[in-house]
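The values are calculated or read from the model by the stated rules, or taken from the named source; none is laboratory data. These figures come from a predicted structure and were not determined experimentally. Here the Cβ positions follow ideal geometry from the backbone for every residue, glycine too, while neighbour counts run over all protein chains shown.
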Amino acid sequence: MQLPSRNAGDMLLKPGECLDIRRRLRRITPPHDLTAVVVCAFDPRTRMLPFYYSSMRMAPAGVRAVGAALFDAGITKTRIVLQQWNPRVQPSRMVLDGRVPDLLLVSSMQIHSTPCEGIIRDAWRMDAASRPLIVAGGPKAIYEPWSLFSAEPADPWAADVAVTGEEYVLLNLLEVLLTERAIGEPLRSAFARARDRGSLDQVPGLVYARGDSPGAAEELVDTGIQRLVSDLDELPHPVLGYQLLEPPSRRRTLAAGPLATDRVRRFSRIGSLVFTLGCKFSCPYCPIPAYNQRQYRAKSPGRIADEMTQLNERYGFRFFFGTDDNFFNNRDRTVSIVETLARTQIRGLALRHRAHWGTEVTVHDTLGMKEHLSTVRKAGAIALWIGVEDITATFVKKGQSVDKTTEAFELLRRHGLLPVPMLMHHDGQPLCTRRSEYGLINQVRLLRRAGAIDVQVLVMTPAVGSRSYEEPFHTGRMIQSAGGKAVEPYMLDGNYVVATGEPQPWRMQLRVAAALAFFYNPLRLLGSLVRPKSRRYLIDPGVQLIGLWGLVHTLPRMLAWTLRLMTGRITRQSRPPATCLRLTGVDGVPASHGHSLVPEIARGAAVGSCV
């Protein structure tokens with residue numbers, strides 16, 4: 001199920017190419033006077049722990065990056081719509097600069113598939129002549145682009161094209177289209193002409209339907225795996241994305257203007273930033289290494305310092321979250337970054353007095369950074385989310401153990417850094433054990449004693465794009481429905497037990513609920529007031545309050561699913577989601593996403609109804 005890599009020597013763009021394409025676009029976009037709306041799909045049913053707070057108070061980095069790239073390429077009439085802030089917005093009602101947008105870009109994770117489809121379907125209600133060019137992106141498009149194209153003639157809806165890569169792929173597509181487009185011509189018309197001429201086939205990272213059928217697609221063309229931007233300094237500055245946000249509202253239409261600068265921090269208390277991308281570990285349940293083609297990429301220390309400085313000065317951000325896969329992945333590069341941040345000043349004060357930040361690391365790499373943790377703290381870091389998964393390394397081995405994890409947590413606390421463990425509950429792990437730390441409650445208790453102020457407890461759920469994704473389906477562990485309720489995409493967020501070989505799945509679901517209630521409860525809140533785990537007195541009880549509030553909204557949903565698992569009939573799914581649309585590569589090369597064909601199509605049988 002993992003994405004393939006490009007050939008060695010052809011994985012990365014030429015240095016400076018991501019800057020050059022935006023320069024080229026800035027020369028050709030003004031006469032076209034395009035308008036664009038970028039929509040971040042969001043399913044409110046995913047608003048549970050551990051993301052109950054951040055899902056609403058942190059504008060996602062991905063859609064902001066897309067908006068910033070469009071703006072920097074000369075498409076300045078761009079608006080970024082976050083569906084978590086604008087739940088009722090409808091593309092068919094959108095008007096930007098007094099007209100229907102030329103571009104509608106929809107970004108979605110797998111768990112937000114349902115509202116993503118709803119956005120595209122609503123756009124299809126528009127007259128074909130005035131419908132914007134629909135571009136789908138984000139993790140959903142990267143790993144399952146075929147799911148964004150209907151295969152049912154009686155139910156036509158689809159994106160015009162799926163971008164299965166990063167911002168550069170979108171910009172490359174636009175460069176081809178604007179070279180083809182006549183001034184005033186609908187962008188969809190230029191797209192159709194470029195598609196039919198084969199011009200899009202030279203843009204790696206696209207999937208589009210062949211032909212002009214007004215109904216469902218019959219065949220998809222996959223132009224292959226993207227080339228990656230090697231130097232992340234070439235990406236547009238995040239300041240550009242924040243100035244394009246749609247103000248939160250219950251309207252179906254767009255506001256007259258974007259969210260005012262002085263109101264951005266009110267709605268997005270946390271600023272998300274990309275520091276580095278990639279991880280040296282190759283866990284079977286994680287799609288990250290394959291997506292990055294085993295590359296590790298980073299911004300320069302000076303660029304990171306500049307982003308924090310400008311965002312603090314312009315928007316007042318005081319807390320940032322680095323969306324790293326593993327910030328401590330490369331020690332030398334990490335040391336260079338934190339040393340620069342430790343020297344950075346904002347308006348005459350050290351950065352750590354103006355802003356704080358957190359990111360994700362591993363136990364193994366934290367111990368490797370033990371001599372530099374004081375510098376990490378001086379750089380403004382305040383909290384580190386640590387991928388512990390299983391403290392005993394029974395489930396997955398990433399250099400962690402009970403002793404090493406405890407040592408890492410003690411080191412972090414000693415240097416004023418707050419550890420936030422991320423646990424993954426899995427088959428065979430009991431709630432409690434007597435003579436080991438294997439039990440889920442045992443691990444939560446140990447980590448709390450070691451200094452954890454917060455915790456994430458999720459269940460092992462198949463991640464699309466990972467090496468182990470298909471295994472639960474083929475072994476009969478994937479639940480299709482329970483008590484008459486089908487497993488929907490939003491339930492793949494790690495909060496619901498949907499893939500297990502345990503004979504009584506409801507027990508596993510209850511264990512997760514019990515672990516969360518063990519960590520967040522009124523007694524622990526009172527204890528945090530007396531003996532807080534943080535030197536900053538209010539942080540520990542503050543996190544407990546937020547956790548308790550999130551637990552109030554999380555437990556009812558978990559317990560409702562527990563009841564269905566306990567009393568209802570459970571059916572299993574024997575094969576992963578697939579498509580009966582034929583996927584073809586370019587110039588006879590197999591499609592990069594051809595693993596998602598149903599078996600009959602993969603063997604070359606005639607296209608029939610989807611299964």
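Structure notes:
- Filtering segment 133-145 to residues that are more than 17 Å from Q226 (Cβ to Cβ) and crowded, with 24+ Cβ neighbours inside 10 Å leaves only L133.
- Any hit, segment 54-62, residues being part of a loop (DSSP other than H, G, I, E, B) and in contact with a Cys (Cβ under 9 Å, 6 or more places away or on another chain): yes
- Listed by first and then second residue, the pairs linking a residue in segment 311-323 that is under 13 Å from I346 (Cα atoms) and not assigned by TED's automatic domain parsing to the domain that holds L341 to a residue that is hydrophobic (A, V, I, L, M, F, W, C) and modelled with pLDDT of 95 or more, with Cβ atoms under 9 Å apart and 6 or more places separating them unless they lie on different chains, form an empty list.
- Meets criteria (surrounded by fewer than 19 Cβ atoms within 10 Å (Cβ to Cβ) and more than 23 Å from A290 (Cα to Cα)) for P430: yes
- In this structure, V63 does not qualify as closer than 26 Å to D222 by Cα, at pLDDT 95 or above, over 18 Å from the mean Cα position of the chain (by Cα) and of a type outside the set (S, T, Y).
- Search result, residues across segment 106-139 that are part of a loop (DSSP other than H, G, I, E, B) and not small (G, A, S): M109, R125, M126, D127, R131, P132
- When each of T334, T375 is tested for being surrounded by fewer than 23 Cβ atoms within 10 Å (Cβ to Cβ) and either of a type outside the set (S, T, N, Q) or in a helix (DSSP H, G or I) (or both), the lone residue that passes is T375.
- Verdict on L200 being closer than 23 Å to F71 by Cβ and either crowded, with 17+ Cβ neighbours inside 10 Å or among the aromatic types (F, W, Y) (or both): no
- Test: residue in segment 527-540 that is at positive phi, of a type in the set (D, E, K, R) and at pLDDT below 90: no
- Pairs meeting the criteria (first residue in segment 1-26 and outside the structural domain of S282 (by TED's automatic domain parsing), second residue polar (S, T, N, Q) and not in a helix (DSSP H, G or I), beta carbons under 6 Å, at least 6 apart or on different chains) are P4/S592; S5/Q293; M11/Q293; L12/S230.
Let's see how each residue does on (1) farther than 24 Å from V363 by Cβ; (2) more than 25 Å from the chain's Cα centre (by Cα); (3) outside the structural domain of A393 (by TED's automatic domain parsing); (4) among the basic types (K, R):
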position: Q443; (1), (2), (3), (4): no, yes, no, no
position: M460; (1), (2), (3), (4): no, no, no, no
position: R477; (1), (2), (3), (4): yes, yes, yes, yes
position: G494; (1), (2), (3), (4): no, no, yes, no
position: V498; (1), (2), (3), (4): yes, no, yes, no
position: L516; (1), (2), (3), (4): no, no, yes, no
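- For segment 461-503, filtering for residues that are crowded, with 20+ Cβ neighbours inside 10 Å and small (G, A, S) leaves 5.
- The residues on offer are G368, G399, and the sole one that is surrounded by fewer than 19 Cβ atoms within 10 Å (Cβ to Cβ) and at positive phi is G399.
- Residue among A216, A255, A209 that is closer than 29 Å to D160 by Cα, over 20 Å from the mean Cα position of the chain (by Cα) and at pLDDT 95 or above: A255
- A single member of A355, A298, A350 is among the aliphatic types (A, V, I, L, M) and touching a residue at least 60 places away in the same chain (Cβ under 8 Å), and it is A298.
- A single member of A602, A591, A606, A515 is among the small types (G, A, S), modelled with pLDDT under 95 and touching a Leu at 6+ places or on another chain (Cβ under 6 Å), and it is A591.
- S272 being in a loop (DSSP other than H, G, I, E, B) and of a type in the set (S, T, N, Q): no
- Cβ-Cβ under 6 Å pairs, at least 6 apart or on other chains, segment 201-216 side on the phi > 0 side of the Ramachandran plot, far side among the small types (G, A, S) and at pLDDT 85 or above: G205/G165
- Segment 388-434 - residue that is touching a strand residue (DSSP E or B) at 6+ places or on another chain (Cβ under 8 Å) and of a type in the set (D, E, K, R) and, of those, modelled with the lowest pLDDT: K398
- Of all residues in segment 390-421, those being in a strand (DSSP E or B) and free of Cβ contacts under 8 Å to residues at least 60 places away in the same chain number 2.
- A count restricted to segment 167-187 and to residues that are at pLDDT below 95 and in contact with a strand residue (DSSP E or B) (Cβ under 8 Å, 6 or more places away or on another chain) stands at 0.
- Count - residues of segment 558-578 that are basic (K, R) and surrounded by 17 or more Cβ atoms within 10 Å (Cβ to Cβ): 1
- Checked against (1) crowded, with 21+ Cβ neighbours inside 10 Å; (2) modelled with pLDDT of 95 or more, T323 passes all but a single condition, namely (1).
- Residue-level analysis places T261 outside the set of residues that are among the hydroxyl-bearing types (S, T, Y) and assigned by TED's automatic domain parsing to the domain that holds V363.
- Set E360, E339: member being of a type in the set (D, E), buried (at least 18 other Cβ atoms within 10 Å of the Cβ) and closer than 18 Å to G416 by Cα: E360
Let's see how each residue does on (1) of a type in the set (D, E); (2) within 23 Å of I270 (Cβ to Cβ):
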| position | (1), (2) |
| --- | --- |
| D325 | yes, yes |
| N330 | no, no |
| R333 | no, no |
| A342 | no, yes |
| G348 | no, no |
| W357 | no, yes |
| T362 | no, yes |
| R377 | no, yes |
| I382 | no, yes |
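- Residue match in segment 17-28 (condition: at pLDDT 95 or above and in a loop (DSSP other than H, G, I, E, B)): no
- Selection count, segment 222-270, where residues are within 20 Å of A65 (Cα to Cα), among the hydroxyl-bearing types (S, T, Y) and loosely packed, with under 15 Cβ neighbours inside 10 Å: 1
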